[in-house]
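J.: The structure's right below; bear with me while I get my questions together.
Please treat every number below as a calculation from the coordinates, not as lab data. Every value quoted in this text rests on a predicted model; they were computed, and no experiment measured them. Because the Cβ atoms are built from the backbone with ideal geometry, glycine has one as well, and the counts that use them run over all protein chains shown.
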Amino acid sequence: MLEILAEAYLNAIDEASLKVEEGHYEAQELEKLVNQEEIINRALVLILPGESS
């Protein structure tokens, strides 16, 4: 599950880099602005609400 979410995260960062400010940011720049671990952990809570702690 973590591997799938990590891949989805990378895809989302790439897509966001194209859309934010009309491509003004590179994917690597956006990655510095967000916390990958926190985003993936939040996704796990939403997907597996009874199994996270």
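J.: Working out 0.36 nm times the residue gap between GLU15 and VAL34, then minus their Cα-Cα distance, what length gain in nm do you get to one decimal?
T.: 5.4 nm
J.: Give me a comma-separated list of calculated 3J(HN,Hα) values for segment 24-32, in order, Karplus coefficients 6.51, -1.76, 1.60 applied at θ = phi - 60°, integers in Hz, x for any Gly or Pro.
T.: Each residue of segment 24-32 in turn: 5, 9, 7, 4, 5, 5, 5, 4, 6 Hz.
J.: Figure the gain on full extension for GLU26 and ILE47 (residue separation times 0.36 nm, minus the Cα-Cα span) and round it to one decimal in nm.
T.: Separation in residues times 0.36 nm, less the Cα-Cα distance, equals 4.7 nm.
J.: If we count every other residue with Cβ under 11 angstrom of ALA27's Cβ, Lys/Arg +1 and Asp/Glu -1, where does the sum land?
T.: -4
J.: Rg to Rh for the chain: what is it, with Cα atoms only and Rh by Kirkwood?
T.: Ratio of gyration radius to Kirkwood radius: 1.06.
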